[in-house]
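This report refers to the structure that appears directly beneath it.
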Amino acid sequence: MGDESDPRSGFAERLRALKDAVGVSVRDLEVASARTPRRRDGLPPLRLKRSTIAGMISRTRPVRPEQENFEVFVDTCLRIGEESGRSLPDDLADPKVWDAAYRDLLLDMAGMRSTSRMAGEAAKRLRSSDSPSEGTGPSAEPVPESAPLPEEPPGEPPSGEPSPSPPGPSLQPPEFRPPESTDSPQRPSGGSTTLPPAVGPFRRWMGRRAMRAAALTLTGVVIAAWAVWPAAKDMTGAPDASTTVASVGGDGVLRLGVLVPWSGDLQFFNRPMAAGVRLAVNEINAAGGVFGRDVSEVETDSGDSTTDLHLQALNMLITGGSDVVIGPITSSMSLELIDQAKSAGVAQISPTATADQLSDADDDGLFFRMVAPDSIQGDVLAKLIAADGGRRVGVLALDDPYGTGLSERIRRSLENRGITDLHAETYDTFDTSYTTEVKNIKDSAPDTIVVVGRTETAAVARELVRQGLGVDRHKWYFVDGNLSFYGRGLPRGTLTGVKATMAGAEVTDAFRRRLASFDPGVTDFKYAPEAYDATIVAALAALAAGRDDPKSIARAMADVTRGGERCTDFRTCARLLASGEDIDYDGASGPIDFTDRGDPATAPIGIYQYKATNTYISLSHELGELPT
């Protein structure tokens, strides 16, 4: 629940009450808002995004709405209520009351910002006293008005929701461990240093050779920073020639920013993704770094698609000078961030975004992804359905770029295999019931049901069973977005026999051991290989380009993954580049072979099956190819 002392929580509750009183869903409100006249003449219609609406009415992380968004939200709801003849309470039906409530919110927020400024000044004094005499870090940035208040670390998922990963340590940001000394640490004789993770404010002190860290919780954005360490040396004390470039473009330091979902519905991805990136950074730096200097890495909390944390986080990474941003997790967030990254001229590599729309996005050649696009996964799933004898298929898909994009690819691939009896329904996660959508699927008399969703899948599964569409009489299929350990969140046997596909590599035992030895707390390895490879590819591209500026790195990205001498680790690949060879990096996630659009030309797809315990096992992996 939201913090009762936060005025945004009370205001969000009032907005929810208005929305519920007029009986409109988030999806319908989004569509209707485009038809609402603006209050000031000459302004074009404003269609509210679902993520904007979700942030305004969030129970846990409400944001202070911009005035224009607030006005369109209220005016749209009042218009719908009037057109439908609904009678609203006076405190919800009067625009003047709403305007007064919004003014009160602004006044209350002004008081909160005063408190935040005092805390920011205290943080600044702490940095000043903690900095060496030759220089200090930048002053604390002001707390954004829309930033959520700090909350307690998330606990167990609510009853009935999927348990996203097998039992293990809670997935929290890494523990803050202050360095013991400001002096530069000496590398062991093998040239390897294991860098301890740290959580702290978004800051980097250029030219410094030690890692400094602190904790900042004012904005609710969790940040982990790995600062620049001394240039790698071999056992003779000389720089490692395999990664030292005599003439380097840019400033000579490769800076990686990482969008990690430490909060929200996607936080079960945080530990494996962060561990994969950190393992890669550690191995790169142990092998001599890039241009003889260690790579720096900064992590920020990207949250989930119900907030704008990912927008704030990317802005922080851009402001901090990141050359390459790794992340975000979802396709919808990736699509939202492309314009911002393109305007800043920053390269992006998502380990997990699969939407086909990303292949044709206007990204100036700066966006790449490590995982198979939906076109590959959709084709593999359709082949699986056909092989299992499916002939009448009902598809329930989340109404976002991921859900609609993947379901469309499944439809096309099924039709190519002669299966044309198809019925698809989309749903919105902000709606509390899926009764209508499931009934429409039932009316189509399917023998096969595909659910393309995320964490709401447990509720969808319960509704399917309630309406007599259980696994005893129908074949069910899931995809990577809802492949999860549901355990006791569903009655035993609910998912027996359900098959699922997941875009992503099979995690080898050797990679598991490497990752576990680096971060013993990792129990779920989902997409860790892709995050690891994204980091390695960024470093190799910088070496191949001879520069660390983002556009040069992006231009070299595809070339280091195709057409050259095959290599499978950073040290070997870096030495080949230093000797003038072209390389083809095949990593922990398999062959990559980037196309000119930033997609992997070939990518692995895993096939899984659920047991009576509502947990799954791996059946096989196959290498899919982009359809022609």
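The values are calculated or read from the model by the stated rules, or taken from the named source; none is laboratory data. Given the structure is predicted, the values throughout are model-derived calculations rather than measurements. Because the Cβ atoms are built from the backbone with ideal geometry, glycine has one as well, and the counts that use them run over all protein chains shown. Heavy atoms of the whole protein, side chains included, go into the accessibility calculation; ligands, DNA and RNA do not. Shrake-Rupley method; radii C 1.70, N 1.55, O 1.52, S 1.80 Å.
Before moving on, here are some points about what is shown:
- Average accessible surface for segment 379-446: 43 Å² per residue, computed with a 1.4 Å probe over protein heavy atoms with every protein chain in place.
- Point-charge dipole on Cβ atoms (K/R +1, D/E -1) for segment 1-98, about Cα centre, debye to 20: 380 debye
- Among 465-475, 388-398, 260-270, sorting by the average number of other beta carbon atoms lying within 10 angstrom of each residue, highest first, gives 260-270, 388-398, 465-475.
- The distance between label points at Ala578 and Asp472 comes to 6.6 nm (points 7 Å beyond Cα on the Cα→Cβ vector).
- Per-peptide packing, taken as the mean over residues of other Cβ atoms within 10 Å, places 342-355, 507-520 in the sequence 342-355, 507-520 from highest down.
- Spatially proximal lysines relative to Lys475 (Cα-Cα < 19 Å; intrachain offsets below 8 disregarded): Lys383, Lys439, Lys442, Lys499, Lys611
- The calculated FRET efficiency for the pair Glu66 and Ser517, based on their C-beta separation and a Förster distance of 60 Å, comes to about 0.80.
- Approximate shape of segment 313-462 as ellipsoid semi-axes (Cα gyration tensor, √5λ), whole Å, largest first: 34, 18, 10
- In the complete set of protein chains, residue-level accessible area for Met56 is approximately 0 Å², probe 1.4 angstrom.
- The figure for Lys551 is an accessible area of roughly 100 square angstrom, using a 1.4 Å probe on the protein chains alone.
- Charges were assigned to the Cβ only: +1 to each Lys and Arg, -1 to each Asp and Glu. The resulting dipole of segment 539-628 about its Cα centre is roughly 260 debye.
- Between the beta carbons of Ser618 and Asp99, assuming R0 = 60 Å, the FRET efficiency works out to 0.60 to the nearest 0.05.
- Fraction of alpha-carbon pairs over 21 Å apart in segment 532-615 - percent: 31 percent
- Sites Thr595 and Gln340 - FRET efficiency at Förster radius 25 Å, r taken between beta-carbons, to 0.05: 0.60
- The ellipsoid that matches the Cα gyration tensor of segment 577-628 has semi-axes, each √(5λ) in whole angstrom, of 33, 14, 7, with the longest given first.
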